[in-house]
Every structure is written in structure tokens, then in C-alpha cells.
Amino acid sequence: MSPAVTTVLHVDMDAFFASVEQRDRPELRGKPVIVGGASRRGVVLAASYEVRRFGVRSAMPMAEALRKAPQAIVVPPRRERYAEASEQAFAVFLRYTPLVEPLSLDEAFLDVTASRSLFGEGDAIARRIRADIRAELGLAASAGVASSKFVAKVASDLSKPDGLLVVAPGEEAAFLSPLPIERMWGVGPKTAPRVRALGYLTLGDLARAPPAALEATLGSWGTEAARLARGEDARDVVPDGRARSISAEETYEEDRVGPAQVGATLLEHATRIARRLVRADLHARTVTLKVKYADFSIRTRSVTLPEAVQDTDAIHRAAIALLAKVPLQDRRVRLTGVGVSGLAPGAPPAGLFRDEQAEKRLALERVAAKIADRFGDEGAVTRASLVRSPGGKT
Amino acid sequence: MELTVPKKDLVRLLNRMQGVAERKSTMPVLSNVLLAVDGPGTLRVAATDLYLALTGRVNVEVVKGGSVAVSAKDLVERVRMMPEGPVQIASHDNATTSIKAAGSARRYTLRGMPGEDFPPLPTPTEGSPSLALDVGVLQELIARTHFSISTDETRAHLNSALFEWDGDIVRMVTTDGHRLSKMEVKVSGRQASATMLIPLKAIQELRRLCDDLAAESKDGSRSPIQIAQSGSSAFFQGGAMSFAVRLVDAQFPPYSQVIPQQSEKVVRIPRAPFADALKAVQVAASERTGGVKVQLSKGTMRIATESPESGEGSDEVPIEYSGAAMTIGFNARYFLDVLGALDEDEVQLGLGGELDPAVIRPSSERRFLAVVMPMRI
């Protein structure tokens, strides 16, 4: 592991809307599915891989798509459903790093440089994310791993469908060089012929072109594109500040029943969140509890605390208080989760009363975070009460 | 049960009950109010959320005794719609309750439950220690301290006010962990000893009770509030209202340890201009933290804020100060709450280092003080 090199993931859900429809409606699986308005004047919002074979692409006019694939099944979009799946996918991303830059509902950049000590190298993280999405959403995602955003994005595009492509540090230019010019950012069906006419057929052609010539023919975009084509991309992954949150959740092999059993799960979530807050030097104002029942219905409850918090106990206390607000009597619970949002940098403001217990806990959490940083195992230090039986009280 | 009651008296009482009756409780009975004939010419109305039980009495004309419990919200909505004047309320064997008025065709019926099914309300055991406190004193204790009670319900020891009767001193102390307020009043000639942790919800109820009593008796002949402690509950009674509250069973933080005994630097500030400047600068402060920078120099306090999202804002207040220049960050709201609870012309701000707690109190009296923790800014 060379800590100096940034590791960026680009994760993209495959044929997202169409895949959600195929997942929810088994009769559509393996069939050519187009998501879009039923009218012939509409456009294709998403096309399943089965229908892409016929040349159907998203954003294509519906009439043209149906000319190419008359047998396609057109289904109307269900946006809430996609938003829900998107939220679940982003929750998976945020498990591995707080640095998630959303590009759309189904696509994001992740800076996992600091997460490698926890979860392994970029390819291992990408594998875990793809596996989590497969297991929890029942959907396929493709991922590219590289040292910059541009290379990661190209890699994930090339890996589709359901693929993973890793570009090792130092290999960027060699990887990009043979690719057709259309892979360059900003080169669409209209600009491609113009760029090709100038003699630039591959990204390698752009990379090797004299800057003055590029500047003269393609303007500042030309020099920028040449830099990207050489694999030089210094743009940071910029997390979406408004939507930032950290969460931890777990699906249990055996359903939990009753407040004691369900409540016992929350300390572990709170511990994981506190550790990540300490590590990222953040504090949070809002705590959210999520409970998924055996029938897959979900209840969430949130509380915005009067003071920002960072330690396990404050988060745990809030989660336990929220638990009283969801129905638990005689209900089987398959998943619990705790999340925090309203994040801001730094430690929470100092209080009047020295809480030696809390200070010790915070010091412990800092040490635990350091141990995890060094040995890359999130579970290396676990609070004693977690060891009790699942039915035990916390 | 059958009775006639003036609409305005009943509405006033029911409005108060609504604050206690829980609309969304898992126990439906708790969203009800109890109506019970209590002797000739008296109706007792009560509501409870199992922590707080509020009881009021109103003079009525009784035709037939008995009791019934009906939804607090439904009842008050219907009584409000009745014409002014006497309203007739009658309950029948199956707890169906009818509401009508003489000379009006308007009428309602409500399904209720028998009064006996309403949870029994706590009463102090015979011979429990009881204290009488002037309404004005209690009003002042609450007015000057209630704002620093923590609203975090998960921290019961801070989500309450400490009420202490210590010899001839009554004291109320509240803290949310970042600031603290303490008010002491000497009640000459009365000696007692009591300590209780009163939850925020009960403090709000107590405040309303004091305000009502003070408003009712402007002629000065007001009756005191009776306070009794029995078991884990406290009982407050004044005029026609009484309530019981389950006290918080927790340790209040060791507040006297964090009150600075003396301050290195003392600043005298005119109260109203200080509040005015804080309000003005707060507009430009980060919504998240409410933090402002207080810069002291000889004769002038500059209050300023800057944040990437809200730009900059500043104002100045003339002060009496001759110490070294210093800058310290505070949550503006903490000061504004204190200044709003005072009416003296001048306050005194005692400061130590940039991260030491600050003390603010009126220059002219020693009964009140507040401690505010600074923030890094």
C-alpha cells in the first residue's frame, strides 16, 4: 500500500431503472425492457442489456428504439422506487468512505484512499461494494478503480456489464492510449468527427499531441483533454455536503424479537459510527434509527439533538430513545441500522462539566481508531458489552 | 352525570388539559380528560401522561353526579363551537356523552369511557412535608432559569430543574451542560429543607400555573403555592389547579464546582444595547453554531461574526473595561436568553481565559448568575 497515491472508485449501477424493474417483476427478467414514457414521442430512460443488443440506448427517441427492437417491452418509470434503490446504494458507498461524490442517482465517485487501511486495497473495496449491492439490492453494479476520477470512470465504463476493472498506479497512460477518442470527456457524436478530422483517433493521439497545436485547433478544452488522456487528473472527489451521513446497519441471520433483543443490536452500530466520526474528525447533530421487519417494511425515526455528539454513548442513547418510537411488540425484526447526519468538522464544543467517563471513552475511541488504521480490522477492538448473548440487555 | 357549566370556564380548563393529554399515546386512555362531579357544585377535570397529572376544578350546577372520560381534543373542539353561556354536559350509562346548550339546536355526542377506567391520580400521603411559597417568588425562579434546561429527553438529569429549599433560601438551578443559570431568593422567617429534580414538562406547567394565579389576583391578595413531596412525586397546588409530577431520579451535576469564584477580568455592559447588538450580529452568524466573536478593548466591546455561508456582521457596544484586550467566542443565544430574563440596566461579565467559563450577572444584585461556556471560533 502506498499511501501517497489517491485511490478513486467510480461505481455505476448497470442499466439502473431497467434492472430495478427486472428485479421487481420476475416476468421481465431476460427480456428486452425499455423504461420510458409509453407515448411514441417519449424517450428511452433506460434500456436493459437484452434490448441494447438491438442498438437501443438511453436518451434515444422511443419511436426509433421501437423501430430497432419492435419486440421490446416498454414499462413506465417508477421514480420513487429508483430513488429508494439509489438511497440504498449510497448507504452502501458511505459504509466504506465518507468521501462520496454523487454524479446521478446511480453513479458516484468514491475516494477510498483513507479507507484502504480498513477494508483493503481499492479492488478489494470495489469487490465488497459490488457484493453488498448484489446482496442487499439484488442489482448489479460495475466499478472502476484508479488513481483519478477520469481513469476510474473510463475503467468502470469499459468493465460493464457487471464488471470490475482496476488500473494500477503508473499504468494510466498505457491503459488510456489505445482507446478511441469517443472515450474522452466532452466528446460526443457531434464533436467526434471534428476531432477525428484533426487526426486524433485515440486518446493516445491526444496525449502525444503538441500542446500548441491542440490549443490552436481545440482551444483550452484541447489541452485539458490531453492532460486527462495522459492520466493526469488532479480533481478531488467532492462529497455532497448536504446529503452527508454515516450509518451502520446489519441484517441478522435470525430475526430479533422484542425491545431487549432489538435494543442489544444498537450499541455495535453506535460504536462503529462513533469510530468513524472520530477518525474523520466530525461531529453530528441528527441520529436516525432504522428498523426493517420480517415483512420487509421499514420504519425510520430521527432526532436532532440539542448539542452535537461524537461519542458512542451519546449516539447509543439517542438510538435507544428512538427505539421506543417504533412498534416492536411481537414483531420480527430482520435488520437494524443507526445513522448520523448534520455533520460538521471538529470535536463538539466543550461542556461545563468534565465528564471523565466520556473523556475516557473518547480517548479509547481514538486509540481504537488508530489500531484499526494500523491493522485494518474494524472489529479489532470491541466494547465488552457487545460480547454478551444477543438476548442480553445492554 | 349531568351538569351545566359556563362555556368560557370549561374551555379555559380544557385548553390547559390538552397540554398534558397525549394525542399519540400508545394508551388511548391517556388522550382523554376525566370529568368527575366532586361534591355539590364542583366539577373536577383531570388529564395525565403518567408522569404529570393535572387537575382543575370549576364551579358547575350539578343535576346528577358521576364521572366520564372523553377525548380531550374532541371535547374542547366541540365545546368551543357552542354558543357563549351555559353548556350542558350529560353522560349516560354506556359513557356516551352529550353536549348541548339551552336555546340552541346545536348538539354533539361523544363516545367515552367510564370515569372509573381513568388511571387513578396520585395524591400525597397524609402528613407529607408541605411548603408554602409566594407565587411571585416561584415565578421569578422559573423565569430566570428555565431557558437553560436541556431539551434532550435522553438526559433526564439535565432535562429538569434543581429546586432546593435550604434554610431560608429557595434556589433553582438549571443546566444543559454548556451553560447554567442559578437563582436564589431569601424567604425570611421560613425554614425548610427540600431537594427535588423537576422535569422540564412540569416546569412549563408550573410556569403556567403561576402566571394564571398572578393574573387572577391582581389585587395583591394572592394565595401561595403549596408544594408537597411524597414518595417519588411532588405535588403543587394553587387556586383551583393542582398537579402531581414524578420527580427525576438522577444526580444533578455538581453545579457549584463550575461556577468561577472570581473572574480575572470584569466587564460592565449596558444590558439593552448588549442584547440589541447580539441580536443584530446573530443574524449573520452561522445557523449551525450561532457563534459570535466578542472582542474586548478599553471601553469598547466589538461583537463580530464571519462564515463562508453567511458573510460577515459586526456591531459595537460601549463598556466599562480597563483590562488587556482579548477575543473570546460564544453562542449568542446563550447570552440573549440570559439578558432577556433580566430587567436590570447593567450586567457584569466575568471572564478568565479564552476557554474558561464566563459568568454573567446583574451588576446591582447577587441573587442571580449564569455561567456560559465559550466556544472555539
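No lab work stands behind these numbers, since they all come straight from the coordinates. Since the model is a prediction, treat every value here as computed from it, not as a measurement. We place every Cβ from the backbone using ideal geometry, glycine too, and count neighbours over all the protein chains shown.
Brief remarks follow.
- Dipole of chain A, positive end: most advanced residue of A:His283, A:Ser297, A:Val340 [Cβ charges, Cα centre]: A:Ser297
- Base-10 log of normalised Debye intensity for the protein assembly as shown (one unit scatterer per alpha-carbon) at q = 0.06, 0.07, 0.09, 0.10 Å⁻¹: -0.57, -0.75, -1.05, -1.16
- When the alpha carbon gyration tensor of the stretch B:259-372 is reduced to an equivalent ellipsoid, the three semi-axes, largest first, read 22, 15, 14 Å.
- More than 13 angstrom apart: percent of Cα pairs within the stretch A:243-284: 60
- Sorted by Cβ neighbour density within 10 Å, fewest at the top, the residues A:Thr6, A:Thr304: A:Thr304, A:Thr6
- Positive contributions from Lys and Arg (+1) and negative ones from Asp and Glu (-1), summed over other residues with Cβ under 15 Å from the Cβ of B:Asp356, come out at +2.
- Among B:Val292, B:Leu206, B:Ala194 - extreme Cα towards positive end, dipole of chain B, charges at beta-carbon: B:Leu206
- Residue pairs, from the table B:Lys8/B:Lys201; B:Lys265/B:Lys293; A:Lys360/B:Lys293; B:Lys182/B:Lys298, whose Cα atoms sit over 19 Å apart: B:Lys8/B:Lys201; A:Lys360/B:Lys293; B:Lys182/B:Lys298
- Tail fraction, Cα-Cα pairs, the stretch A:245-386, threshold 28 Å, whole percent: 18
- For the stretch B:190-289, the relative contact order is 21 percent, taking Cα pairs closer than 8 Å that sit 6 or more residues apart in sequence and dividing their mean separation by the residue count.
- Taken about its Cα centre, the stretch A:245-386 carries a charge dipole of about 240 debye when Lys and Arg each add +1 at the Cβ and Asp and Glu each add -1 at the Cβ.
- Note, ³J(HN,Hα) from phi for the stretch A:328-340, Karplus 6.51, -1.76, 1.60, rounded to Hz, x at Gly and Pro: 10, 3, 6, 10, 7, 10, 9, 9, 10, x, 10, x, 10
- Relative to the Cα centre, the charge distribution of the stretch A:173-229, modelled as +1 at Lys and Arg Cβ and -1 at Asp and Glu Cβ, gives a dipole magnitude of about 100 debye.
- Two-site label geometry, A:Thr304 and B:Glu306: point separation in nm, points 7 Å out along Cα→Cβ: 2.8
- Its alpha carbons considered, the stretch B:168-269 gives a radius of gyration followed by a Dmax of 16.6, 50 Å.
- Each other residue within a Cβ distance under 12 Å of B:Ala240 adds +1 if Lys or Arg and -1 if Asp or Glu, for a net charge of 0.
- Geometric extent, Cα atoms of the stretch B:44-177 - Rg, Dmax (angstrom): 20.7, 60
- Per residue, the convex hull around the alpha carbon atoms of the stretch A:173-229 comes to 65 Å³.
- Relative contact order of the stretch B:130-255, defined on C-alpha pairs under 8 angstrom at six or more residues apart (%): 28
- Residue (of A:Ala226, A:Pro239, A:Gly199) at the positive-pole extreme of the stretch A:189-260, dipole from beta-carbon charges: A:Gly199
- Each of B:Glu320, B:Glu126 has some number of other Cβ atoms within 10 Å of its Cβ, and from fewest to most they run B:Glu126, B:Glu320.
- Mean projection of the Cα convex hull over all viewing directions, computed for chain B: 22.6 nm².
- Calculated translational diffusion coefficient of the stretch A:101-248 (25 °C, 0.890 mPa s; Stokes-Einstein with Kirkwood radius over alpha-carbon pairs) equals 147 µm²/s.
- Taking every Cα-Cα distance in chain A and sorting them into 10 Å bins starting at zero, the pair-distance distribution P(r) comes out as 5, 19, 26, 24, 16, 8, 2, 0 percent.
- Taking every alpha-carbon pair in the stretch A:265-340 and binning the separations at 10 Å intervals from zero gives 20, 52, 23, 5 percent.
- Set of aspartates and glutamates near A:Lys31 by C-alpha distance (under 12 Å), chain-local residues within fewer than 8 positions excluded: A:Glu21, A:Glu50
- Theoretical FRET efficiency, 1/(1+(r/R0)^6), r = Cβ-Cβ of A:Glu84 and B:Thr123, R0 51 Å, to 0.05: 0.45
- Each of A:Glu101, B:Glu316 was scored by other Cβ atoms within 10 Å of its Cβ. Listed from fewest to most, they are B:Glu316, A:Glu101.
- Helix B:271-282 vs. chain B, principal-axis angle (Cα, 0 to 90°, nearest 10): 90
- About the centre of its Cα atoms, chain B shows a dipole size close to 680 debye [charges on the beta carbon of Lys, Arg (+1) and Asp, Glu (-1) only; nearest 20 debye].
- Summarised in one figure, the compactness ratio Rg/Rh of the stretch B:2-117, Cα atoms and Kirkwood Rh, is 0.93.
- Normalised per residue, the volume of the convex hull around the Cα set of the stretch A:1-154 (Å³): 105
- Choice from A:Ala225, A:Ala213, A:Ala124 showing the highest fluctuation, given a GNM over chain A with Cα pairs closer than 10 Å: A:Ala213
- Label-to-label distance for B:Ser263 and B:Glu77 is 5.2 nm, based on points extended 7 Å past Cα in the beta-carbon direction.
- Relative contact order %, the stretch B:259-372, counting alpha carbon pairs below 8 Å whose residues are six or more apart: 30
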